1. How many residues does the range 181-225 contain that are among the basic types (Lys, Arg) and under 18 Å from the mean Cα position of the chain (by Cα)?
2. Of the numbered conditions (1) at negative phi; (2) modelled with pLDDT of 95 or more, Gly254 satisfies every one except a single condition; which is it?
3. Return the only residue of Lys293, Lys231 being among the basic types (Lys, Arg) and within 30 Å of Pro122 (Cβ to Cβ).
4. Is it the case that Val131 is touching a Lys or Arg at 6+ places or on another chain (Cβ under 9 Å), open to solvent by 20 Å² or more (accessible area, probe 1.4 Å) and in contact (Cβ under 8 Å) with a residue 12 or more places away in the chain?
5. Would you mind listing the strands (runs of 3 or more DSSP E) fully within the range 1-85 where at least 2 residues are crowded, with 20+ Cβ neighbours inside 10 Å?
6. Across the range 240-252, what is the total count of residues that are open to solvent by 50 Å² or more (accessible area, probe 1.4 Å) and touching a residue at least 40 places away in the same chain (Cβ under 8 Å)?
7. Of the residues that make up the range 288-311, is at least one open to solvent by 100 Å² or more (accessible area, probe 1.4 Å), modelled with pLDDT under 95 and at positive phi?
Amino acid sequence: MDDFGVIIGCCDQDFMLAQGTCASLRHSLGDVPICLLVDGSASASPVKAMQKTYGVEVLDRQRVSNEFLRKNSFGWGLTKMIAFWESPWSNFLFLDADTIVWGNVLEKFGNFEDFDLIIDKPPYSYSDESVSHWFFDIKGVEKYFPNFDWRKYRDNYFCTGTFFAKRNVFSLEEYQDILKFMSTHPGIFKYGEMGLLNFMIFRALQEGRARVAMEDMQSLIPDYNYEQLEKRFPVDENGPVFTEVDANVIHWSGPKPSLFRQDVYAAPMTFYRRQFLRDAWDYIGWGAEASLKKEDLMRYVFLYKNKIRKRVKNFLSKKR
């Protein structure tokens with residue numbers, strides 16, 4: 001497809017997962033262009049390794065051209081929004097770093113002729129409590145955005161770890177207005193960008209400003225038990241074995257895949273992380289396993305260091 005590429009949102013703590021995401025794209029989509037949207041250091045060695053191995057582009061704070069986005073849209077829950085205006089391509093697939101592509105999702109779902117956005121269709125319904133927990137405060141939306149019929153789309157709100165979109169499907173002014181609103185009304189939109197992006201998508205659909213398709217294109221790991229996932233996404237020494245599902249995005253939206261966790265089905269991501277090590281450094285066997293365990297250990301150190309830092313900061317603020 002002309003003028004198409006894949007954007008992977010990542011930060012320092014999930015570079016090791018983004019490597020697996022890149023490897024899965026090369027396995028399933030061939031030489032598709034890839035861009036890393038980096039919240040953090042683009043000079044980090046894992047980023048440079050992905051650039052060298054797979055020829056990926058990098059979009060970080062220094063490379064974002066719009067001043068407003070540079071100053072206001074980096075950080076958890078907002079970084080991915082930059083893709084809507086700064087994507088290197090008119091048509092793109094966005095992926096969180098804790099995902100892998102299982103099969104040719106572009107061929108199956110990437111219909112940009114008929115749609116501006118292709119998003120996941122969740123396999124369940126949402127109660128009012130679930131909508132308020134995961135997406136937005138219902139009373140707040142009804143008060144401040146009375147023209148938005150949130151009930152009409154209540155069972156279509158989705159986890160925004162993956163979606164297809166056209167660049168500039170939303171106006172930048174709309175996004176600026178929503179961020180300004182959020183600064184004075186914190187807590188209306190939930191979970192980073194998940195609430196505000198669902199709001200923007202379905203308000204645009206309601207107002208006829210966007211053509212939106214909803215497809216069964218994403219599998220959230222917490223939605224299934226371990227045995228179901230083994231059957232749904234089997235992996236052998238050669239990689240994915242396509243049985244029940246021919247094309248999908250697997251998303252570890254809860255606990256992350258790690259060699260140290262036996263309770264999380266990690267086989268697809270682990271296979272592609274090994275594939276990256278083979279492609280980048282020609283690591284196989286015990287060398288690859290040692291490298292994977294080192295990456296996992298370093299991620300745990302990073303996470304716990306940040307948690308301890310936050311607890312100390314909170315403790316000191318209370319003492320004052």
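1. 1
2. Tallying (1) at negative phi; (2) modelled with pLDDT of 95 or more, Gly254 fails exactly one: (2).
3. Lys231
4. Here the answer is no, as Val131 does not meet what is asked.
5. Fully inside the range 1-85 and qualifying: 4-11, 34-39.
6. The qualifying residues number 2.
7. Taking every residue of the range 288-311 in turn, none turns out to be open to solvent by 100 Å² or more (accessible area, probe 1.4 Å), modelled with pLDDT under 95 and at positive phi.
Quick grid of which residues meet (1) out of contact with any Lys or Arg (no Cβ under 9 Å at 6 or more places or on another chain); (2) open to solvent by 60 Å² or more (accessible area, probe 1.4 Å); (3) of a type in the set (Asp, Glu):
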site: Phe158; (1), (2), (3): no, no, no
site: Leu179; (1), (2), (3): yes, no, no
site: Gly192; (1), (2), (3): no, no, no
site: Arg209; (1), (2), (3): no, yes, no
site: Val212; (1), (2), (3): yes, no, no
site: Ser219; (1), (2), (3): no, no, no
site: Pro222; (1), (2), (3): yes, yes, no
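The values are calculated or read from the model by the stated rules, or taken from the named source; none is laboratory data. Just so it is clear, the structure is predicted and the values come from calculations on it, not from any experiment. Positions of Cβ are backbone-derived with ideal geometry, glycine not excepted, and every protein chain shown enters the neighbour counts. Note: accessible area is taken over every heavy atom of the protein model, side chains too, but ligands, DNA and RNA are not part of it. Shrake-Rupley method; radii C 1.70, N 1.55, O 1.52, S 1.80 Å.
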